[in-house]
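The values are calculated or read from the model by the stated rules, or taken from the named source; none is laboratory data. All figures in this text were calculated on a predicted structure; none of them were measured in a lab. Glycine gets a Cβ as well: all are built from the backbone with ideal geometry, and neighbour counts include every protein chain shown.
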Amino acid sequence: MFEALQPRPADGILKLMQMYREDPRDGKIDLGVGVYKDANGLTPVMRAIKAAEHKLWETQDTKVYTGLAGDPAFADAMIDLVLGDAVPRDTIAAVATPGGTGAVRQSFELIKTARPEARVFVSDPTWPNHISILGFLGIEVARYRYFDEDTRGVDFEGMISDLKTAKPGDVVLLHGCCHNPTGANLNITQWQEVVSVLLETGAVPMIDIAYQGFGDGLQEDAAATRLVASSVPECLIAASCSKNFGIYRERTGLLMAISQNAAARKLHQDTLNFLNRQNYSFPPDHGARLVTMILTDDTLRADWQAELEEVRLSMLNLRQQLADELQQLSGSDRFGFLAQHRGMFSLLGTSADKVDAMREKNGIYMVADSRMNIAGLNAQTIPVLARAIVDAGI
Ligand code: LMR
């Protein structure tokens, strides 16, 4: 029976991880998968996570199932983190999911269950797995213009004009902050215009927020999500704890569905619980419990926020250093966008051939679309990367 299986193309980001591991060269530079690394190239367990794990080990006396939606305390803590008091709590249904990807997947499943013919508008480009999961579920994908190849900023006119073609019952997938892969983001005035278009067209926004705290700050990075969620009648939000809590392998995320009233909320909640049951029954709890402990304990929370801020500032610093180095080497300001971008990634905006050449010649690993993980850099590797970029004629 299984002879019918077809080989599947490897995910570009995961394939790159493998190639990097297999490269024997000293001095290779990993700017691939979106994982934070400190100046020593390590991805440490955050201090507050360690402390919460210690406390959990001492106090947890059962590992019995939570509920299909996970522990309600986790949903409350995350809703507070992402939405603050922007939206009344009794309009939000929520389920814990295995990571942000789990929240994205369950969100798409909810869309498909509610309206199989819905189209999902995605930014061009977007995180490749958005498109892969949509294709796998048989959901129609529509693209809206996003990245301006000349400025390496947002093609806002193109974006708005494409979003205006959405119809009621379509979904518009937006990155809440720190756009992946480009690093180019909207300002709040532009977000307001996006909200106007959503209201005009009747399309439902779905926000993927996986990097809260990596851009301009914990509250600042949630501002767009709060604005959208509080302005439209219905909204889906997929939030990840992988990056800002550094708990990648614990698979911790939350899907929120905002509706107009308590009756609609109940229907959403029942459907989300059902979808969890069909896919994996109870969601994982370990990471969610650690996050809940941190967010509800003043001392742990303060320490987590302080460490997250260190991480954010270190990435900003690396951005500035790289932009400065490139300015010096190239004698031009054309790389200034690197300091303007926010989050973990920047799209360099060059061809796959040049990306391949830099990998082969210089041992520099970036995703084929020229996405660089800025956190993969340090003071020693910045000059090497800058020199390779200029030598490649980018
Ligand atoms: C990334 O974009 O590199 C991360 O979100 C990791 C992943 O699963 O692709």
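Summary of computed values
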{"item": "Qualifying residue in segment 159-169 (condition: among the hydroxyl-bearing types (Ser, Thr, Tyr) and either within 16 Å of the ligand (Cβ to nearest atom) or out of contact with any helix residue (DSSP H, G or I) (no Cβ under 7 Å at 6 or more places or on another chain) (or both))", "result": "yes"}
{"item": "Subset of segment 71-110 [of a type outside the set (A, V, I, L, M, F, W, C), more than 18 Å from residue 226 (Cβ to Cβ) and more than 22 Å from the chain's Cα centre (by Cα)]", "result": "71, 72"}
{"item": "Checking residue 48 against (1) within 16 Å of the ligand (Cβ to nearest atom); (2) among the hydrophobic types (A, V, I, L, M, F, W, C); (3) touching a residue at least 24 places away in the same chain (Cβ under 8 Å), the condition it does not meet", "result": "(1)"}
{"item": "Test: residue in segment 5-25 that is surrounded by 14 or more Cβ atoms within 10 Å (Cβ to Cβ), part of a loop (DSSP other than H, G, I, E, B) and within 16 Å of the ligand (Cβ to nearest atom)", "result": "no"}
{"item": "Tally, over segment 346-386, of residues that are acidic (Asp, Glu) and assigned to a loop (DSSP other than H, G, I, E, B)", "result": "1"}
{"item": "Check on residue 207, under 27 Å from residue 314 (Cα atoms), among the β-branched types (Val, Ile, Thr) and over 13 Å from the mean Cα position of the chain (by Cα)", "result": "no"}
{"item": "Subset of segment 83-105 (residues that are more than 16 Å from the ligand (Cβ to nearest atom) and among the hydroxyl-bearing types (Ser, Thr, Tyr))", "result": "91"}
{"item": "Where a residue in segment 60-82 is under 25 Å from residue 219 (Cβ atoms) and its partner, wherever it lies, is surrounded by fewer than 18 Cβ atoms within 10 Å (Cβ to Cβ), with Cβ under 7 Å and at least six apart", "result": "77/296; 79/89"}
{"item": "Cβ-Cβ under 9 Å pairs, at least 6 apart or on other chains, segment 9-20 side over 17 Å from residue 363 (Cα atoms), far side more than 9 Å from the ligand (Cβ to nearest atom) and in a helix (DSSP H, G or I)", "result": "9/15; 10/18; 11/132"}
{"item": "Strands (runs of 3 or more DSSP E) within segment 179-267 that include 3 or more residues modelled with pLDDT of 95 or more and within 14 Å of the ligand (Cβ to nearest atom)", "result": "235-240"}
{"item": "Matching residues in segment 132-141 - criterion: being away from the ligand (no atom under 12 Å from the Cβ) and surrounded by fewer than 19 Cβ atoms within 10 Å (Cβ to Cβ)", "result": "135, 136, 137, 138, 140, 141"}
{"item": "Residue match in segment 271-285 (condition: in a helix (DSSP H, G or I), touching a Ser or Thr at 6+ places or on another chain (Cβ under 7 Å), of a type in the set (S, T, N, Q) and under 18 Å from residue 71 (Cα atoms))", "result": "yes"}
{"item": "Filter result for the condition that a residue is within 21 Å of the chain's Cα centre (by Cα) and either within 16 Å of the ligand (Cβ to nearest atom) or not β-branched (Val, Ile, Thr) (or both), over 68, 56, 31", "result": "31"}
{"item": "Verdict on residue 151 being touching a residue at least 60 places away in the same chain (Cβ under 8 Å) and part of a loop (DSSP other than H, G, I, E, B)", "result": "yes"}
